[in-house]
Amino acid sequence: MTKTDIRSLNMAELTAEIEKRGLPKFRAAQIFAWLYEKGVRSFSEMTNLPKNLRETLEAEFEIKNCTIDTKLCSAVDDTVKYLFELNDGEYIESVVMKYKYGYTICISSQLGCKMGCSFCASAIGGFQRHLTPSEMLSEIYTAQSDLGIRISHIVLMGTGEPLDNYENVMRFLELVTDEKGLNISMRHISLSTCGVVPRIYDLAEKRLGLTLSVSLHAPNDKIRSQTMPVNQKWNIDELLDACRYYAKVTSRRISFEYAMIDGFNDTDTCAMELASRLRGMLCHINLIPVNTVREKAYRKSNEDRIRRFSKILEQNGLTVTVRRTLGSDINASCGQLRASKRR
Ligand code: SAH
């Protein structure tokens, strides 16, 4: 018999499971607190439950956990990168970054990725499976307890395409923002997509208050299709229509990610074309010097080029930031540690 993944259940489902077994409702609240607020790893830690209930739970349910396989601590900043092992022996990565306003965790949403962006280490080795809500939560509990900190911000920017794992990611968001759980504010959560257009519309209807990041990386279809296969399914016009709709419905500005690749998408012409496409939109542009991935030939644009690109966008009325590199000495960008494990 496969055991039920208990840390993916919400309060209503957990209560139903408890009542089905003829147990009092308050037990569900106790279990919920152990699972979601305290983030325990086993039923034996649920010390206010009678022993026979703990045994029943143990027999019928599973708590999905992450176990630390590798931990890299940056010597230049406080960035920590983890390679976690899951219950089934697979590996995922998470990164914890320290900012003035608190700790942010970058979590993975899938094992591998189907999207195949050519500059991204997560695409190496293809797609294995979706992560469950409990596995995404476990990335946070494990990092928090290892570091003895409270994580206040989440970015869904690790391995995987969150909108390709839509139902599990929505359940994860419901649980991670639950007042009786980690109680992380939606305002402190960013979800990054390569542009799964139908799901952007679905997400807009939910009016969640999170920040939607869109990996654009190119000013036109010709350049974008060379590096991002998803662009052949939904092109830039379709993507930007969805983004405009999202911004209109939610009144939240879209954050566009633009990885600067030397000589490829970083020319003045590219900047002008990008500016004309985004003009008038409720948005922000985040320029990222592309991370060199060992398997790939891309080189990052130099600082002068990035500054000039940024200036052109600003002269056209757009707001721009250049992403600070954290954890440069530990290869902190997504997918690289996992790829080296699988090599
Ligand atoms: N699948 C989602 C989220 C995962 S990637 C997405 O595509 O948005 C998180 C971000 O890192 C994306 O913007 C992605 O394009 C970017 N990224 C991937 N590889 C990179 C690299 N080598 N250098 C810089 N950014 C990279």
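Rounded to the nearest 500 deg cm²/dmol, what is the calculated helix-only ellipticity per residue at 222 nm for the chain, with -39500 (n - 2.57) per DSSP H run of length n ≥ 4? Mind dumping the intermediate values first?
Numbers: 12 runs with 120 residues, N = 343.
Result for the chain, helices only: -10500 deg cm²/dmol.
When +1 charges are put on Lys and Arg Cβ atoms and -1 charges on Asp and Glu Cβ atoms, the dipole computed for the chain relative to its Cα centre reaches about 540 debye.
Here the gap between Ser225 and Gln30, fully extended at 0.36 nm per residue and compared with their Cα-Cα distance, gives a gain of 65.1 nm.
Ranked by how many other Cβ atoms sit within 10 Å of their own Cβ, fewest first, the residues Met186, Met260 fall in the order Met186, Met260.
Amide H to amide H, with H built 1.01 Å from N, Val155 comes under 5 Å of Ile105, Cys106, Ile107, Ser190, counting only residues 5 or more places away or on other chains. Shown here is the pair-distance distribution of the chain: with all Cα-Cα distances grouped in 20 Å bins from zero up to the longest one, the shares run 30, 55, 14, 1 percent.
Give me the percent relative contact order of the chain, please, defined on Cα pairs under 8 angstrom at least 6 residues apart. Could you put the intermediate results ahead of the total?
Working: 641 pairs, mean separation 53.0, N = 343.
Computed over the chain, the figure is 15 percent.
For the pair Lys100 and Tyr201, label points projected 7 Å from Cα toward Cβ lie 4.1 nm apart. So who's got an amide H within less than 5 Å of the one on Ser215, skipping anything under 5 residues away but keeping other chains? H placed 1.01 Å off N, in plane. It is Thr193, Cys194, Gly195, Glu257, by chain and number. Taking amide H as placed 1.01 Å from N in the peptide plane, Cys283 has its amide H under 5 Å from the amide H of Ile254, each at least 5 places away in sequence or on another chain.
Where in region 173-205 are there trypsin sites (Lys or Arg not before Pro) that are in a DSSP coil and have at most 14 other Cβ atoms within 10 angstrom of their Cβ? The partial results should precede the final answer.
Values: sites: Lys180, Arg187, Arg199; in loops: Lys180.
Of the trypsin sites (Lys or Arg not before Pro), the ones in loops of region 173-205 whose Cβ has at most 14 other Cβ atoms within 10 Å are Lys180.
Computed with the Debye formula from one identical point scatterer per Cα of region 4-62, without solvent, the log10 of I(q)/I(0) at q = 0.14, 0.19, 0.24, 0.29 Å⁻¹ comes to -0.31, -0.59, -1.03, -1.66.
Equivalent-ellipsoid semi-axes for region 186-276 (Cα gyration tensor, √(5λ), whole Å, largest first): 24, 14, 11.
Within region 1-139, the percentage of alpha carbon pairs spaced more than 23 angstrom apart rounds to 46%.
Which length gain, in nm to one decimal place, applies between Thr269 and Glu303 when the Cα-Cα distance is subtracted from 0.36 nm times their residue separation? All intermediate terms of the calculation are to be shown ahead of the outcome.
Numbers: separation 34, 0.36 × 34 = 12.24 nm, distance 1.74 nm.
Fully extending the segment from Thr269 to Glu303 adds 10.5 nm.
If you take all other residues with their beta carbon under 10 Å from the beta carbon of Cys106, and give Lys and Arg +1 and Asp and Glu -1, the sum is -1.
Just need the relative contact order of region 4-62 here, percent rounded to a whole number, with Cα pairs under 8 Å and 6+ apart. Can you show the working numbers first?
Values: 36 pairs, mean separation 21.8, N = 59.
After rounding, I find 37 percent.
Give the distance, in whole Å, between the Cα centre of region 64-94 and the Cα centre of region 197-274. If you average the Cα positions of each part, the centres end up 30 Å apart.
Computed from the coordinates by the stated procedures, all read-outs in this text should not be read as laboratory data. Keep in mind that this is a model prediction, so the values were computed, not measured. No Cβ is skipped: glycine too gets one built from the backbone with ideal geometry, and neighbour counts run over all protein chains shown.
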